[in-house]
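**Q** Once you've had a glance at the structure underneath, I'll fire off some questions.
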Amino acid sequence: MKRQPAIFVSHGSPTLPLEKSPAVDFLRGLGDALGRPESILVVSAHWDTEYPAVSAAARPETIYDFYGFPPELYRLRYPAPGAPQLAGRVAGLLEAGGMHVEIDPSRGLDHGAWTPLYHMYPKADIPVTQLSIQWREGPGHHVALGEALRPLRDEGVLIFTSGGATHNLRELSHQRGNPVPQQWTVEFNEWLADALAARRMDELIDYRQRAPHAVRNHPTDEHLIPLFVALGAGDAGGATQRLHSSIASGVISMDAYRFD
């Protein structure tokens, strides 16, 4: 069974399935580059719970957790089969790591999960389940969560995390359509890439104090939190690969990373 990596992608706007952009081109090639995993565990910025929760839905619904977008977006579906057995395995690993875990019998796939998968695996035929975040617990909690999940990679499971390398919607409203990356976004983006490449774990976990313009790029950090799960799921001392880098509307980084 091929060992799988842990992946972080920036999913951008809910309109991602309708867009043409460098990030979309990247996602369309990513599935082929990774190959077909046995199953996929998604950690999205858009499912937040008090305790880790994993979905045991046999047929996860496509969740439209957004409003005011083009009607054709709401007609799209991502009808991938669920992965109840994987959900049980995830719960067991996290409980063995000392975490309280809840199993949700019916949770579907929110747009942080299905919109990038729509491009990566358009046949929607790979079993997939979703694990929640607890963003108020901070980066260190999510690194530990990823570490507990690391054995899944040897079981053919792609650990796929989805959020945003930067995420400030107020700034986006001012910059929308601006093709020029803002300097404060670029500086944070490059600091993050350098810190990940060197695995400067203490700095990454304390990024809100250490990184340039951290709070401006992440007024709240739920969209960066999934990255820490992928980071923890990578091997200690393993390689980090920056798979893609682009900035949309001047302030939204679409960067993606692979952890082995």
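**Q** How would region 196-260 be classified by its alpha-carbon gyration tensor: rounded, prolate or oblate, with rounded meaning a/c under 1.5 and the a/b versus b/c comparison settling the rest?
**A** oblate
**Q** While we're on this one: For region 1-151, what proportion of DSSP beta bridges, expressed in % and rounded to the nearest 5, is antiparallel?
**A** Expressed as a percentage, antiparallel bridges in region 1-151 total about 10.
**Q** Hey, rough spin-label estimate for F69 and R136, points 7 angstrom out along Cα→Cβ, what's it come to in nanometres?
**A** It works out to 2.7 nm between the two label points.
**Q** Still on this structure: What is the gain in length, in nm to one decimal, between E38 and R242 on full extension, counting 0.36 nm per residue of separation less the C-alpha to C-alpha distance?
**A** My answer for the length gained is 71.1 nm.
**Q** Evaluate the Kirkwood expression for the hydrodynamic radius of region 13-159, namely the inverse of the mean inverse distance over all pairs of different C-alpha atoms, and round to one decimal in Å.
**A** So the Kirkwood estimate lands at 15.8 Å.
**Q** Now for a different question. Determine the sum of side-chain charges near A91: Lys and Arg each +1, Asp and Glu each -1, restricted to other residues whose C-beta is under 14 angstrom from that of A91.
**A** Residues near A91 contribute -1 overall.
**Q** Counting other C-beta atoms within 10 Å, and keeping those with at most 13, which DSSP coil trypsin sites (Lys or Arg not before Pro) do you find in region 1-105?
**A** K2, R3, K20, R77
**Q** Return the distance in nm (one decimal) between the two label points of a simple spin-label model at L76 and Q183, each offset 7 Å from Cα along Cα→Cβ.
**A** Here the modelled spin labels are 3.6 nm apart.
**Q** To continue, here is another question. What is the diffusion coefficient of region 102-214 in µm²/s, taking the Kirkwood radius over Cα pairs and the Stokes-Einstein relation at 20 °C with a viscosity of 1.002 mPa s?
**A** This corresponds to a translational diffusion coefficient of 127 µm²/s.
**Q** When the accessible area of the chain is split by element with a 1.4 Å probe, what percent falls to carbon and sulfur?
**A** 51 percent
**Q** While we're here: Could you tell me what percent of the DSSP beta bridges with both partners in the chain are antiparallel, to the nearest 5?
**A** Antiparallel: roughly 35 percent of the beta bridges in the chain.
**Q** How many angstrom lie between the C-alpha centres of region 199-259 and region 15-44?
**A** So the two Cα centres are separated by 18 Å.
**Q** Calculate I(q)/I(0) for region 121-162 by the Debye formula, one identical point scatterer on each C-alpha and no solvent, and give its log10 at q = 0.13, 0.24, 0.27 Å⁻¹ to two decimals.
**A** Log-scaled intensity ratios, in q order: -0.36, -0.95, -1.07.
**Q** Using the beta-carbon distance between R28 and Y51 and R0 = 35 Å, what value does 1/(1 + (r/R0)^6) give for FRET efficiency, to the nearest 0.05?
**A** Efficiency for this residue pair is about 0.50.
**Q** Restricting things to alpha carbons, tell me how big region 150-239 is in terms of Rg and Dmax, in Å.
**A** 14.6, 45
**Q** For D194 and A124 in the same chain, what is the full-extension length gain: residue separation times 0.36 nm, less their Cα-Cα distance, in nm?
**A** So the chain would gain 21.8 nm between D194 and A124.
**Q** When the scattering of region 4-61 is computed by the Debye formula from its Cα atoms alone, each counted once and equally, what is log10 I(q)/I(0) at q = 0.14, 0.17, 0.23 Å⁻¹?
**A** -0.55, -0.81, -1.23
**Q** Same structure, new question: Can you give the extra length, in nm with one decimal, that the chain gains between K20 and Q85 once fully stretched, where that is 0.36 nm per residue apart less the Cα-Cα distance?
**A** The K20-Q85 span can extend by a further 19.8 nm.
**Q** In Å², and per residue, what accessible area does the chain have when probed at 1.4 Å with the other protein chains present?
**A** Here the residues of the chain average 41 Å² of exposed surface.
**Q** How large is Rg/Rh for region 84-128, to two decimals, with Cα atoms and a Kirkwood Rh?
**A** Rounded to two decimals, Rg over Rh is 1.06.
**Q** Provide the three semi-axes, in whole Å and in decreasing order, of the ellipsoid equivalent to the chain as defined by the square roots of 5 times the Cα gyration tensor eigenvalues.
**A** 26, 22, 17
**Q** If you don't mind, there's one more thing I want to ask. For region 52-133, what is the convex hull volume of its Cα atoms per residue in Å³?
**A** Cα convex hull per residue, to the nearest whole number: 92 Å³.
The values are calculated or read from the model by the stated rules, or taken from the named source; none is laboratory data. Note that the structure is predicted; figures quoted are calculated from it, not measured. Quick reminder, even Gly has a Cβ in these numbers, built from the backbone with ideal geometry, and neighbours come from all protein chains shown. We work out accessible area using only protein heavy atoms, side chains counted, and drop any ligands, DNA or RNA first. Shrake-Rupley method; radii C 1.70, N 1.55, O 1.52, S 1.80 Å.
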